[in-house]
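Right, one structure below, let's go through it.
What follows draws every value from the coordinates through simple rules; no lab data is involved. Please read all numbers here as calculations on a predicted model, not as lab measurements. Here Cβ is always computed from backbone atoms with ideal geometry, including for glycine, and neighbour counts include all displayed protein chains.
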């Protein structure tokens with residue numbers, strides 16, 4: 001079946017990617033607030049923040065479905081459609097990792113994170129927040145690039161990708177430091193298991209942000 005010429009052009013999918021990235025960024029803020037609440041004495045808002053993350057995830061899923069549903073066969077795009085979908089999947093996995101981390105933490109609210117691990121755990125959380133915030137900027141700059149195809153704009157996107165990669169490396173260092181500290185200070189096997197798994201799920205947030213950056217790097221490659 002022949003596709004009408006005008007229907008081969010649709011609204012740029014990068015508008016949807018930008019909207020999705022902003023939801024992920026909102027989720028990062030709620031995540032940080034939830035962790036700070038959990039570590040604070042007598043904080044009663046942890047479940048509220050966790051539900052906020054769940055709601056943001058549902059909103060992001062709706063955006064994701066809309067992006068996928070508005071790219072019919074034959075649509076002209078500045079990038080390969082499957083590259084776009086792979087990028088969207090990794091960006092969405094950032095949000096999934098945030099939700100999984102808060103869910104896992106809620107399974108053992110008391111005693112939660114031991115006092116002697118709070119400082120290093122906070123550093124780990126901070127280190128995974130920064131690459132999430134960079135994702136939104138990266139998508140915004142990539143959107144500008146695919147409208148203009150200016151070389152200086154492409155270089156800027158690649159620079160942001162490199163920054164995200166370095167941030168993920170920094171998060172890995174905090175993850176390793178905290179893991180060693182867990183085994184050197186904790187004696188209860190349940191606490192050790194809970195904390196090691198918590199560290200892994202938290203680190204996955206930065207891992208998926210880096211993967212999204214790599215997918216964007218592939219899309220802007222010549």
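With every atom except the alpha carbons ignored, what do you get for Rg and Dmax of the chain, in angstroms?
According to the Cα coordinates of the chain, Rg and Dmax are 19.5, 68 Å.
Run the quick spin-label model on residue 58 and residue 148: label points 7 Å from Cα toward the beta carbon, then report their separation in nm to one decimal.
It works out to 4.0 nm between the two label points.
Anyone know which of 114, 13, 189 comes out most mobile in the 10 Å Cα GNM of the chain?
Among 114, 13, 189, the largest GNM mean-square fluctuation belongs to 189.
Using a 7 Å offset from the Cα along the Cα-to-Cβ direction at both residue 44 and residue 155, what is the distance between the two label points in nm, to one decimal?
Label-label distance for residue 44 and residue 155, simple model: 5.7 nm.
At 7 Å along the Cα-to-beta-carbon direction for both residue 51 and residue 116, put a label point, then send me their distance in nm to one decimal.
Going from the residue 51 label point to the residue 116 one covers 3.7 nm.
Stick to Cα atoms and the Kirkwood definition of Rh, then tell me Rg/Rh for the range 156-208.
Numbers: Rg = 14.0 Å, Rh = 12.2 Å.
That ratio is 1.15, to two decimals.
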